[in-house]
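Nothing in this text is a laboratory measurement; each read-out follows from the coordinates by a stated rule. Because the structure is predicted, anything quoted here is derived from the model rather than measured. Here the Cβ positions follow ideal geometry from the backbone for every residue, glycine too, while neighbour counts run over all protein chains shown.
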Amino acid sequence: MFRTSRRWFRSATALALAGLSLSAITACSGDTGSSGTTTAAESSAAAEATSAAAAEAVTISYWIWDKNQQPAIQQIADDFHAANPSITVTVELASAYRDYWTKLQTAATSGTAPDVFWMNGPNFQLYASNGQLEPLDDVFASSLSSSDYPQSLIDLYTYDGHQYGVPKDFDTVVLAYNSQLFADAGVAAPTDTWTWDDVHAAAQALTDPSKGIYGMFAGFYSQEDYYDTIYQAGGYVISADGKSSGYDQPEAIAGIQYWIDFIKDGSSPDYATMNDVDPDQSGVMLGNGTAAMEYIASYSAAAILDTPEGQAGHIKFARLPAGVQEASIIHGLGNVVYAQSAHKDAAKAFVAYLGSKAAADVQAETSTVIPAFNGTQDTWVASFPAEVNAQVFIDELPVTVPYPVSANTSAWANQESEILSKAWSLEQTPEEACAAMAKAMNEALAAE
Amino acid sequence: MSDTRSRGARGARPRSGTVHIKQHNGPAYAILILGSAVMVFPLVWQVIVSLESTEESRSFPPVFWPAHPSLAAYTAVFEQLPIARQLLTSTLITVARTAGQLVFCSLAGYAFARLRFPGRNLMFGLFLSVLMVPGACFLIPQYQIIQSLHLVDTWQGVALPGLFSAFGTFLMRQFFAGLPRELEEAARLDGAGTIRTFAQIMLPLARPGLVALTILTVLWSWNDMLWPLIVTTGQSKMPISASLATLQGEHMTNYPLMMAGAVIAMLPMIVLFMVLQRQFIAGIAFQGTKG
Amino acid sequence: MTALTAAGLAGARVKGQPEPGGRPVGRRRATRFIESGWGWAFILPTAIGLGVFYIVPAFTTIWFSFSSWGAFGGHEFTGLDNYRHLVTDPDIGYALVNTLLYTLMLLCGIPLAIYLAALINREKLKGKGVFRTLYFLPVVTMPAAIAMVWRLIYNGQFGVLNYALSLVGIQGPFWLQDPRWALLSIGVIGVWSSLGYNMILFSAGLQAIPKELYEVAMIDGATRGQQFRHLTVPLLSPTIFFVTILTIINGFQVFDLIFLMAGRSNPAIDRVQTLVWLFYQDGFYSHNMGYGSVIAVLIFLLTAVFTAIQFSVQRKWVNYV
């Protein structure tokens, strides 16, 4: 009995291994296909990598969460492997953003986190302060220059004087609109000088209940929606010293009120509708012509243009309308190395390559995200048709505000969706929801 | 329930023939047919939507049959998800759990039903007590064990705790206890040892019990979601159930794609059920009468 | 047959099981020794497996419930802190009520299952097999897969349900977003997916009732309603008891449907979160395994209390023939 079961177990394992090696073969054949695109820059990075990582063949894992970016990332990994045949990179796509962090933390707890992975602002300090990340000062000293990236992104991934992340990309937020719906309603298209009042007026003029058209999709996503407007109203999410919440300030409440007004006057769908029709806020209503405006971040630009309305050439981008002042949240991802990685040299060689201009160009050409490497942003803009005006994403840079973070950002940021949704659903006034949020956030900050 | 008058009539003439009963079954048919429609509708709707275009799936009034039925969503699922590998993972997990339970549960079940050994009642009580504890009470330590065995993110890690089952042991014990002793006694008298008696005489007799256990385990294992969700991380390591669970966050609004993935995930169990209907129903009924 | 059910569920545990008989008294010691050896050898794999993966973990969970966890592992003993938090956590209150309400909805499915099983078991009813297949089909479906289509059906804007309601002039709500409807909507799916399973169990129970009893009752002039109340239900009571226990245990553990149907930003989340959902959120999403363990202990206590109540009142209504 036991022997049978063990034999079965062994053959089942063999079967699984066969499956894996099969996929490895397929992956390899993919490599040879793209190796022709290797550039001089890559070979130089490759040379360093080879010297660093000896000749022994290693496989390192690289975790990402954005499906839209997977092809570009895979190509970068393939290019890297072509230049460094001894290092194979397995790109692992997490099933969804919200699972990524759960899984990563679980894996880090058991010492099995991937060698290289994406990091973001809200989670960076938690990982860096708990010794989960490998300092990359030596990588910057040898093969990268911090002046190649926007300073705010370098700062974002610095902790205790050490550089832990190589800036990968950045996102800014703009107003996306359906130019056809504007023309149909006889409303003038948004301009650089638009203010909140202009948006509200336009949204009302564009709303046509008989056709099921709403002027605005009053989304409920911090980075793309209410963080921007809180700063536009002159408020802040977290105080400069990182010790207290700004949610109880009148400016922050005004920033929330801005969105609620659309819902109240019917120029935006109500929260239940938005949650039912487009729970990920991926621009469904803008894309099918039932919403005329929505705030979107640069990483969604390509996807928005791929919707029916986008393909029809109706969707265009404009600068964010100003409140008391202009503001747009900037955030960017970083590539980091796991402190307990078994192949640190190979991992460092790979993050160095990820920080190179060659890798940035691949990302720029595929329109996915704005690369952090200075000078490659124009390539990204040029990857879009001129008439959509993708330049506005870059034009926001002078008024950008860094994404608000603290030592344990998720401890309070994870509560935002639950607490603030009560304002969007009109169950509470913005004052009540903001008061509750400020209380929860101050408690979380006190516990840091 | 409904028509007491004809019931009285039937009571007065118990053998009055089929005509009467047929008439009376009319409402029963109506209720059962209406009920079946409700039961099956979601499954049918899922298939229909999977053939529609994204726009059709989101239109109101709903499109009850696509203008151009298309399998595009199915090809898209295979392109966007490592679904073949996920199906393989699900299969490996299910086969491992089922094989483990068949072997271990029938051994233990037989011992509890027929062998005499010190500590038997204590052990049986201990096993049964596991049945009374909700799954959530095991998960955190189970996860840590899997972690310390370095089996996180592997199908073996998902399968391992499920190789053993208190429920299966109990089911098999009940089955063996219900078998006649005579054959066993005869085998003993012929000089057959415990192993031979078990493997050659009792196990073949217990086939219906083993089939019931197989069906219940396969069904549970294939559809199981929470544990694989905890143990696996990447799309390529997940069984299909966990993958679909996490998919909802991402492709939430691409309904044809989601429905196509769901149809693919459910198809193996539905086909299995269609083929082994009688055994499925007997298996469940057995659980009710013996379990 | 049905009487065996009771023996299976209640009797075996309470009374142990009858000693294997029919052996000559005064058998040689060696034989018994060998049999003992085989007995232990046979249960050993399961004993180890259940011990390592279930019995020890159950106690570990209790131990964890007195500890607090760091973001990346490591835990320290914090006494009753988690329990103190438990009694003041409003989410626990919501989850407790929702779990009980959901279980109650599942229990409401039991009479429906009995009724449908009785219909299917009618003599001369044609297409029994077809009906049984159709009603059973939802049981074999995967929750993760079927939840997708239910979300679409319940969609407030373009769902089929609201379309059907609009035909009779009713403006349907946003089922899954509306705090008044969300839990009920999910409960309907729970009943839908367990109905076929319970029907099979009741069918088997009904078939075990001797037909002669009904014939006698008919001769006595009992109406079908009376037969149902005074004959079917008492004779079916062991199965009803079994299904009730099963339903309560399953209901208290509901996770899949909640996880799949409602996200954290769902405005109705307070009204649909259940204990196991919170267990997952706290234990695995927020990595607070100590607090997750406390919730697990709470679920255990709840199950134990309700099962104990069931067993103690069973004598009053369960009829073992």
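Using alpha carbon centroids, what distance separates segment C:182-235 and segment C:118-161, in Å? With segment C:182-235 and segment C:118-161 each reduced to a Cα centre, they are spaced 19 Å. In this simple spin-label approximation, C:Val56 and A:Lys211 carry label points 7 Å from Cα along the Cα→Cβ vector, and these lie 6.8 nm apart. Remark: segment A:148-153, residue by residue, has Karplus-estimated 3J(HN,Hα) of 7, 10, x, 4, 4, 6 Hz, where x stands for each Gly or Pro and the curve is 6.51 cos²θ - 1.76 cosθ + 1.60 at θ = phi - 60°.
Per-residue ellipticity at 222 nm computed for chain C from its helices equals -21000 deg cm²/dmol, with DSSP H segments shorter than 4 residues left out and the rest contributing -39,500 (n - 2.57).
Label sites at B:Ser70 and A:Ala183, each approximated as a point 7 angstrom past Cα along Cα to Cβ, lie 2.6 nm apart. Legend: distances between Cα atoms for A:Lys103/A:Lys316; A:Lys211/A:Lys316; A:Lys67/B:Lys237; A:Lys264/A:Lys316; A:Lys67/A:Lys348; pairs beyond 28 Å are A:Lys103/A:Lys316. Taking Cα centre as origin and charging only the Cβ of basic (Lys, Arg, +1) and acidic (Asp, Glu, -1) residues, the dipole magnitude of chain C rounds to 1240 debye. As an equivalent ellipsoid, chain C spans semi-axes of 38, 36, 17 angstrom, where each value is the square root of five times an eigenvalue of the C-alpha gyration tensor, largest first.
Sites counted here are trypsin sites (Lys or Arg not before Pro) in a DSSP loop (not H, G, I, E or B) having no more than 15 other Cβ atoms within 10 Å; the longest part of chain B that contains none of them is B:182-291.
A cut-off of 5 Å between modelled amide H atoms, ignoring neighbours fewer than 5 places along the same chain, links A:Thr207 with A:Gly215.
Between segment C:46-96 and segment C:251-321, what is the separation of their alpha carbon centroids in Å? Segment C:46-96 and segment C:251-321 have Cα centres spaced 15 Å from each other. The C-alpha atoms of chain A define a longest principal axis, and helix A:250-264 lies at about 80 degrees to it. Summed over qualifying helices (DSSP H, 4 residues or more, each -39500 (n - 2.57)) and divided by its residue number, chain A shows a 222 nm mean residue ellipticity of -14500 deg cm²/dmol.
Please get the size of the charge dipole for the protein assembly as shown, origin at its Cα centre, with Cβ charges of +1 on Lys and Arg and -1 on Asp and Glu, quoted in debye to the nearest 20.
9080
For chain C, complete DSSP H runs whose alpha carbons reach 30 Å or more along their own long axis and whose mean Kyte-Doolittle score is 0.5 or higher are C:29-50, C:90-120, C:182-207, C:289-317. Bridge orientation summary for the protein assembly as shown: considering DSSP beta bridges with both residues in this region, about 65 percent are antiparallel. Kirkwood radius and radius of gyration were both taken over the C-alpha atoms of chain A, and their ratio Rg/Rh is 1.00. Amide H to amide H distances under 5 Å link A:Tyr159 with A:Tyr164, where only residues 5 or more positions off or on other chains count and H is placed in the peptide plane. Rounded to the nearest Hz, the phi-derived 3J(HN,Hα) couplings of segment A:267-278 under the Karplus curve 6.51 cos²θ - 1.76 cosθ + 1.60 (θ = phi - 60°) are 7, 10, x, 6, 4, 4, 4, 4, 5, 7, 7, 9, where x marks glycine and proline.
Candidate membrane-span-like segments in chain B, meaning DSSP H helices with Cα atoms spread over at least 18 Å of their own axis and a Kyte-Doolittle mean of 0.0 or above, are B:18-50, B:83-114, B:120-132, B:136-148, B:207-223, B:255-275, with no membrane implied.
Against chain A, whose longest principal axis comes from its Cα atoms, helix A:97-109 is set at around 40 degrees. Phi angles of segment A:345-362 translate, via the Karplus equation with coefficients 6.51, -1.76, 1.60 and θ = phi - 60°, into HN-Hα couplings of 5, 5, 5, 5, 4, 5, 5, 4, 5, 4, x, 7, 5, 4, 5, 5, 5, 4 Hz per residue; Gly and Pro are given as x.
Projecting the Cα atoms of B:Leu122, C:Pro57, C:Ala144 onto the charge dipole of the protein assembly as shown (Cβ charges, centred on the Cα centre) puts B:Leu122 farthest toward the positive pole.
So which aspartates and glutamates can A:Lys357 reach, going by Cα to Cα under 17 Å and dropping same-chain residues fewer than 8 places off? Reachable aspartates and glutamates: A:Glu42, A:Glu48, A:Asp78, A:Asp79, A:Asp148, A:Asp169, A:Glu365, A:Asp378. Between the amide H of A:Ala291 and those of A:Tyr214, A:Leu286, distances stay under 5 Å, these residues lying 5 or more places away or on another chain, with hydrogens modeled in the peptide plane. The distance from the alpha carbon centre of segment A:84-159 to that of segment A:194-213 is 42 Å, rounded to a whole number. Projecting the Cα atoms of C:Gly129, B:Met225, A:Phe80 onto the charge dipole of the protein assembly as shown, computed from C-beta unit charges around the Cα centre, puts C:Gly129 farthest toward the positive end.
For C:Lys128, a cut-off of 21 angstrom between C-alpha atoms picks up these lysines, skipping any fewer than 8 places away in its own chain: B:Lys22, C:Lys211. Bridging of A:Lys439 to lysines at a Cα separation below 17 Å is possible for A:Lys243, A:Lys422, once same-chain residues fewer than 8 apart are set aside.
Could you sort the peptides A:262-274, B:31-43 by per-residue average Cβ neighbour count (10 Å cutoff), highest mean leading?
A:262-274, B:31-43
Decide, for segment A:334-448, between rounded, prolate and oblate: order the square roots of the alpha carbon gyration tensor eigenvalues as a ≥ b ≥ c, take rounded if a/c falls under 1.5, and otherwise choose prolate if a/b is larger than b/c, else oblate.
Oblate, since a/c reaches 1.5 and b/c is not below a/b.
For the segment C:308-315, counting C-beta atoms of other chains within 10 Å of every residue's C-beta and taking the mean gives 0.
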